[in-house]
Structure formats: C-alpha cells, structure tokens
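What follows is a short report on a single structure.
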Amino acid sequence: MREHRLTIRLSEQWGEGLVSVVQGEELDLDVRLESVHEGILVTGEADSTYRGECGRCLNPIDAPVEVEFQELFAYPGEEANDFEVQDDHVDLETLVRDAVVLSLPFQPVCQPDCPGLDPETGERLTESAGKEQVAPVDPRWAALQQITDQGNAAE
C-alpha cells in the first residue's frame, strides 16, 4: 500500500456551463494505492474550488468542491476494463476529472434562498428588496378584482 498527497495545477478547464474548475486552479489529491489480486485499488479525495455564476441572479460564485473516488485499475488481460494498469502505472486524470466534474452543481446558486432577478426590470431582487413590490393583475381576473374592490369600499 502507498499513500500520496499531491497538489496539481490544472492545465485546462474542467467542466462546462455556469460553473467550472478553471485552468490554473490548484487541485489537492489525497490518494491511497493498494495492491489487490485483480489489480490496483485506488481510493482518494480531491479538493479544489469552482468558479462561475449564480443560476438565478448571475452573481459570481467561488465555492469549494470536494469529492471522494474509488476505482479498481485491473491488470491487462483478456477482459476489457475501463481502467487498466499500464506499465506498472495508473493514470488518475480521467478518474479524478470525471469525479470532480460530476460533483459540480447543475444549477448553482449564490445562496440557498437567492430570489433571482426581477422579470420586468432585470434588477437583482436582493438589491431592490426594500421597494414595495406590486404584482400586476392578470387581465383575465380584472372583473373579480373589481368585485373585491367594491366589497372593500362598502366596508
């Protein structure tokens, strides 16, 4: 068994969409390699930071990403395997990249209760929260609104 701690600077961006781990970001790996009968069992953790935009209000996001992974790198043989030992080495790049990218949020938000943008003005609702918000009346319900207004005036 061997244990390694590595810090790697990414040579390319990992991920697409609203957030990704950008090129040049550091990735901390804590990896344990164990020799087993079928091959080499790799267990580890990867820590980094993803950057992007909130899916609701478009504020910048900068948050940590932490993933755990485990995979068996099989010795070359008759069976086809996704991961194989090549010349007594294992290539962890695909395994770690897939684990990190799959753990990125699909619809990231800057805060759990982010209200987003005002559909009419385009302002961030967190900035204009102090203003009185009046919901427009749907024209199909205008007749019922008049009845309600008459009832309030009679009281």
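Near LEU117, the amide H atoms lying under 5 Å from its own belong to LEU125; only residues 5 or more places off or on other chains count, and H is placed 1.01 Å from N.
About its Cα centre, how strong a charge dipole does the chain have in debye, to the nearest 20, once Lys and Arg get +1 and Asp and Glu get -1 at the Cβ? Write down the numbers at each step before the final one.
On the way: 10 positive and 34 negative charges, 157 e Å.
Charge dipole of the chain: 760 debye, to the nearest 20.
Compared with the dominant principal axis of the Cα atoms in the chain, helix 142-154 is inclined by about 50°.
Taken along the Cα-to-beta-carbon direction at a fixed 7 Å, the label points for ALA142 and THR94 span 6.3 nm.
Scalar couplings 3J(HN,Hα) for the range 99-110, obtained by applying the Karplus form with A = 6.51, B = -1.76, C = 1.60 to θ = phi - 60°, are 5, 5, 5, 5, 8, 5, x, 6, 10, x, 10, 6 Hz; x denotes Gly and Pro. Shown is the FRET efficiency for ARG5 and ASN59, computed with R0 = 30 Å from the Cβ-Cβ distance and rounded to the nearest 0.05: 0.35.
Protein heavy-atom surface of the range 13-58, 1.4 angstrom probe: 42% of the accessible area is carbon and sulfur, with nucleic acids and ligands not counted.
What fraction of the DSSP beta bridges in the chain is antiparallel, stated in percent and rounded to the nearest 5?
Given both bridge residues lie in the chain, the antiparallel proportion sits at roughly 95 percent.
Enter the accessible area per residue of the chain (Å², integer; probe 1.4 Å; all protein chains in place). Walk me through the numbers on the way to the answer.
Numbers: 11200 Å² over 155 residues.
The answer is 72 Å² per residue.
Using a cut-off of 13 Å between beta-carbons, work out the net charge of the residues near LEU6 (Lys and Arg +1, Asp and Glu -1, LEU6 not included). Don't jump to the answer; show the numbers that get you there.
Values: positive: ARG2, ARG5, ARG9, ARG32; negative: GLU3, GLU26, ASP28, ASP30, GLU45, ASP47, GLU93.
My count for the surroundings of LEU6 gives -3.
Annotation: amide H-H contacts under 5 Å for TYR50 (H modelled 1.01 Å from N, sequence separation of 5 or more, or interchain): ALA63, VAL65.
The values are calculated or read from the model by the stated rules, or taken from the named source; none is laboratory data. All of these numbers come straight from a predicted model, not from anything done at the bench. Positions of Cβ are generated from backbone atoms using ideal geometry, with glycine treated the same way; all protein chains shown enter the neighbour counts. We work out accessible area using only protein heavy atoms, side chains counted, and drop any ligands, DNA or RNA first. Shrake-Rupley method; radii C 1.70, N 1.55, O 1.52, S 1.80 Å.
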